[in-house]
Every structure is written in structure tokens, then in C-alpha cells.
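Notes to accompany the following structure.
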């Protein structure tokens, strides 16, 4: 009798699980795919925009005719369908629209490889017809390459692969419209190869909008660098990238990061214990056997770039660092401000207030509308020199 009762119970549990799985399979919107649910069917529609299909429409890829693409000369003997339009050319002063989607869905992946000066190519994202961008960042900095030099980066939301291949997997939902542009503020034309992979689907009511903002202080004032302030509304903070040039001797990363949120004034809710601690390293990022900095690039944090002085024109030490708050988002209800101290050491074991050259990109999600961003630094202020 006990065996039969146990069998019946197991059947009921199995039936419940099957029903739950079936219900989930019927209602999933195709967002949030991972190894635990990649097998689940969905009614979401996959689309992709590139220079071979500027609109993402079904059955419209690879239709460029000779004379209408950057690959026309190479394809002159083969014709239409043979890589006639693999890239776009953006003239000095031009703003090119990479994507203009009138529908509901989400960006799921972007790949691109831009030529030229990465600080002079400005990415902007606009959601649901807004006039002010929710993303405004030089393309190199957005992908963790703020110093304009390639280095591998291997993390969950951003990867940079050999040949300066920029990838992002930050999910970016929109409900009515998505517009992405690239502005060339340089004096030379640049070429951009790119692909924007997205899905058309129902977006949940509680889905927030993706934001990213660039800042630079060269040098810092009062040994304090502001990563972000003026954020208004409800959301959560998900990531930090910093390009840090040290202008003095010795260890440079004693500064604390501080998160002021929801009315915090003099003292924050979250206070770190040191720069390398925040980026999930320790003890100066030092390999004590080799007596040198040791780079690392992990799913959630990294010191992925170390640019050493060359003894001639590259006179300063430069670093690239990132920290993603994917498993530990910093949630706020009303407002957010984040600062980090620019702090090193002086004699007699005393802190030194430094004057470093620091640039950053911060990434967060929030409900719209968002507060207007500060003006992007001028071309001269953006330049790496």
C-alpha cells in the first residue's frame, strides 16, 4: 500500500512539473535565455540588422546591388548576394543611423568593429521615441577599450575578441521604438562593420530601460571622481568600466567607492574599502613573485588592460578595469550618485590625494523618463594624449 501511495504521489508530482513546464513553454517571451531554459520554445521573432539588411526585415538580407555597398569592387565579378555591403562609411561630422526599429522587443546582442579613433565615434541609443539618449558613450569606452588600444576582454555582458571585435550581450528592451546612431566627430572618415541581433516579443511591464553614460576628469579635482549623479527614478545599477591613468609614483588604488542613494547626503549607504577591492581583486593587483601588476578578465570583474610606460612617449601607467553587478545589482527607488576617491600613498604611511586622468562608463536600468545627461566632453577633452 505504501509503495502504491508513493507511486501515485510521484505521478502527481511529475504531472504537476510537466504542466508547469508546458505552461511556461506556452507563455515564454524569449527573453532571458540561458542554459537552464534554452530548450524552451517561444513565439518571439528573431531579427538582425546589419549593412546587409538595414531594416531587419525577413527575406531582405544580402540584397545590395553592385555600386551600393562598400564591397562592390571586391564583388564586381560575383554580383548581388556576394558580400556587396559588409560595412558602412561614416564621414567626418556625420551621424549614421545603425538601427531604427518600430516595434516591441529587445536588443539581445551587438557585434561591431569600428575603424578610426574610438574616442571620436559616439554611440547613442534612444528608446520609445525619446529626444534625449539613454546611452551616450564613445564606442571604445562602451566596450572597455577607453585607451584606444585593443586588449582581450572576456566577461558575461561584454567581450572584446581578436581584431578589435566588440560584443555586448546587455539585454535592452523597448516597447515602441529603438533607434541607435553613431556620430563621427573626427576629421577622417571611418568604417563600421556591425550586426544588431534583436527579438520582437512582448516586453514585461516591469522591464526597465538600459542606460549608459560616459564621464572624464583630467585631472581629478580634490581627489574625488564622480562616476554618476543626478539619476532620478527607480532602477538598479549594473556595471562600471574605468580607464585610469596614474600621474604619480606608487600604489594608486586606496580610494573608496561610495553609493549614495534614495536621499543619502553626507554619508552613503554603500562604502567600499579600496579600488582593487571593488574590482574584486586585492593587495594592489600585484603578482608578488614577479613584482608586477597581474591582469585578469572574469565573467563579473577584471583588470583586463595594463599599459606600461615605454620609456619614451608613453610615459604614464594606464589601466582598464570593469565590475558588473549582475548577481548583485544596486537597487534604488528615487535617486543615485556614485563617487570614487583618487587616493594613493605619501611618506610616513599617509594617504596622498592624487590627480589622475580618469574616464568611466556606468551602466544601469531604470524606468523612464530619465534625467538629461550632462553634455559630453568636447573633442579635445575626449582625446587620449
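The values are calculated or read from the model by the stated rules, or taken from the named source; none is laboratory data. Keep in mind that this is a model prediction, so the values were computed, not measured. Cβ sites come from the backbone with ideal geometry, for glycine too, and all protein chains shown count toward neighbours.
Table: residues versus (1) out of contact with any strand residue (DSSP E or B) (no Cβ under 8 Å at 6 or more places or on another chain); (2) without any contact (Cβ under 8 Å) to a residue 12 or more places away in the chain.
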| position | (1), (2) |
| --- | --- |
| 282 | yes, yes |
| 301 | no, no |
| 317 | no, no |
| 324 | no, no |
| 330 | no, no |
| 337 | no, no |
| 343 | no, no |
| 350 | yes, yes |
| 372 | yes, no |
Item to complete: Determine if region 293-306 includes at least one residue that is part of a loop (DSSP other than H, G, I, E, B), within 25 Å of residue 170 (Cβ to Cβ), outside the structural domain of residue 142 (by TED's automatic domain parsing) and over 22 Å from the mean Cα position of the chain (by Cα).
Response: no
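Among the listed residues 245, 195, identify the single one that is touching a strand residue (DSSP E or B) at 6+ places or on another chain (Cβ under 6 Å), surrounded by fewer than 21 Cβ atoms within 10 Å (Cβ to Cβ) and in the same structural domain as residue 170 (by TED's automatic domain parsing).
195
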Worksheet item: Quick check: is even one residue across region 248-260 in contact with a strand residue (DSSP E or B) (Cβ under 9 Å, 6 or more places away or on another chain), assigned to a strand (DSSP E or B), closer than 30 Å to residue 113 by Cα and in contact (Cβ under 8 Å) with a residue 60 or more places away in the chain?
Response: no
Fill in: Failed item in (1) more than 15 Å from the chain's Cα centre (by Cα); (2) surrounded by fewer than 21 Cβ atoms within 10 Å (Cβ to Cβ), with residue 105 passing the rest
(2)
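If you go through region 151-180 one residue at a time, how many are surrounded by 17 or more Cβ atoms within 10 Å (Cβ to Cβ) and in contact with a strand residue (DSSP E or B) (Cβ under 7 Å, 6 or more places away or on another chain)? Talk me through it step by step, then tell me what you get.
Here is the first cut: in region 151-180, the residues surrounded by 17 or more Cβ atoms within 10 Å (Cβ to Cβ) are 153, 155, 157-160, 164, 166-168, 170-175, 178-180.
Those left that are additionally in contact with a strand residue (DSSP E or B) (Cβ under 7 Å, 6 or more places away or on another chain): 153, 155, 157-160, 164, 166-168, 170-174, 178-180.
So the answer is 18.
Among the residues of region 217-237, write down those that are within 21 Å of residue 247 (Cα to Cα), touching a strand residue (DSSP E or B) at 6+ places or on another chain (Cβ under 8 Å) and surrounded by fewer than 20 Cβ atoms within 10 Å (Cβ to Cβ). Before the answer, list the steps.
Restricting attention to region 217-237, the residues satisfying the condition of being within 21 Å of residue 247 (Cα to Cα) are 217-227.
Right, trim to touching a strand residue (DSSP E or B) at 6+ places or on another chain (Cβ under 8 Å) and you get 217-220, 222-227.
Those that are within 21 Å of residue 247 (Cα to Cα), touching a strand residue (DSSP E or B) at 6+ places or on another chain (Cβ under 8 Å) and surrounded by fewer than 20 Cβ atoms within 10 Å (Cβ to Cβ): 217, 218, 219, 222, 223, 224, 226.
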Practice prompt. Specify which of the listed residues (89, 83) is in a strand (DSSP E or B), over 29 Å from residue 175 (Cβ atoms) and not assigned by TED's automatic domain parsing to the domain that holds residue 363.
Written response: 89
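Please specify each residue of region 278-292 satisfying the condition of being outside any loop (DSSP other than H, G, I, E, B) and either exposed (fewer than 15 other Cβ atoms within 10 Å of the Cβ) or outside the structural domain of residue 357 (by TED's automatic domain parsing) (or both). Full working, then the answer.
Just the residues of region 278-292 that are outside any loop (DSSP other than H, G, I, E, B), to begin with: 278, 283-287, 292.
Within region 278-292, 283, 287, 292 qualify.
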